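The values are calculated or read from the model by the stated rules, or taken from the named source; none is laboratory data. These figures come from a predicted structure and were not determined experimentally. Glycine also receives a Cβ, built like all others from the backbone with ideal geometry; neighbour counts cover every protein chain displayed.
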Amino acid sequence: MKLSPIIVTLLLSVMMSFSACDVFTNSEFSEYGESIKDLAGSWQLSTVSRNGVDISRTMDFSKFKLNLNPDGSYTIENYLPFAVKQDGQWRVDDPQYPFNLILQENNAQSDVTIGLKYPIVAGKRIISITLSPGCYSNTYVYVFERIEKN
């Protein structure tokens, strides 16, 4: 069986192209790590839903603020039913992937852990907290927006 010169040339070209390829290696990507999420700042309550129904327009929730200070302390302004009633200390379960906000009121013996979502919406970070203050048959979702300093 005789191979045509075109087939031989094609086979040689394919073999040379495979042997000329090099595996891409770049050490810069192996050094990548997730950044630490900075929750410190003043957070204003923007929307509230109860049992899946938006109740943001039933009253002025915008005055409620959660101040997460860089020193690990927090303060609450214009209290609404929330996971804690008094000021205290705060931290997150994981600074790179925060899933829980942990609050400890001043002089309290135990922490209060609340579920946390920290997505980017419309180009801004928000905090979404789901909790059941008071009556456990009602589930509230509080959505906070960071108050930007000028």
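For the range 126-148, the count of residues that are loosely packed, with under 11 Cβ neighbours inside 10 Å and closer than 28 Å to G33 by Cα is nonzero.
Restricted to the range 83-120, and to residues there that are in contact (Cβ under 8 Å) with a residue 24 or more places away in the chain and exposed (fewer than 12 other Cβ atoms within 10 Å of the Cβ), the residue that is nearest to E34 (Cα to Cα) is Q96. Residues in the range 36-58 that are under 17 Å from the mean Cα position of the chain (by Cα) and outside any strand (DSSP E or B): I36, K37, D38, L39, A40.
Using the structure shown, decide if D71 is more than 15 Å from I127 (Cβ to Cβ), exposed (fewer than 13 other Cβ atoms within 10 Å of the Cβ) and at pLDDT 95 or above. Against the criterion (more than 15 Å from I127 (Cβ to Cβ), exposed (fewer than 13 other Cβ atoms within 10 Å of the Cβ) and at pLDDT 95 or above), D71 qualifies. Only one of the numbered conditions (1) among the polar types (S, T, N, Q); (2) in contact with a strand residue (DSSP E or B) (Cβ under 7 Å, 6 or more places away or on another chain); (3) farther than 21 Å from G52 by Cα is violated by S128, and that is (3).
Please go through the range 87-131 and give me each residue that is part of a loop (DSSP other than H, G, I, E, B) and charged (D, E, K, R), ordered by number. Don't jump to the end; show me each part of the working.
Taking the range 87-131 first, the residues part of a loop (DSSP other than H, G, I, E, B) are 87, 93-99, 106-111, 118-119, 122-123.
Within the range 87-131, D87, D93, D94, D111 meet the criteria.
The residue pairs whose first member lies in the range 123-149 and is without any contact (Cβ under 8 Å) to a residue 60 or more places away in the chain, whose second member is surrounded by fewer than 13 Cβ atoms within 10 Å (Cβ to Cβ) and in a loop (DSSP other than H, G, I, E, B), and whose beta carbons are closer than 7 Å, counting only pairs six or more residues apart or on different chains, are S132/N138.
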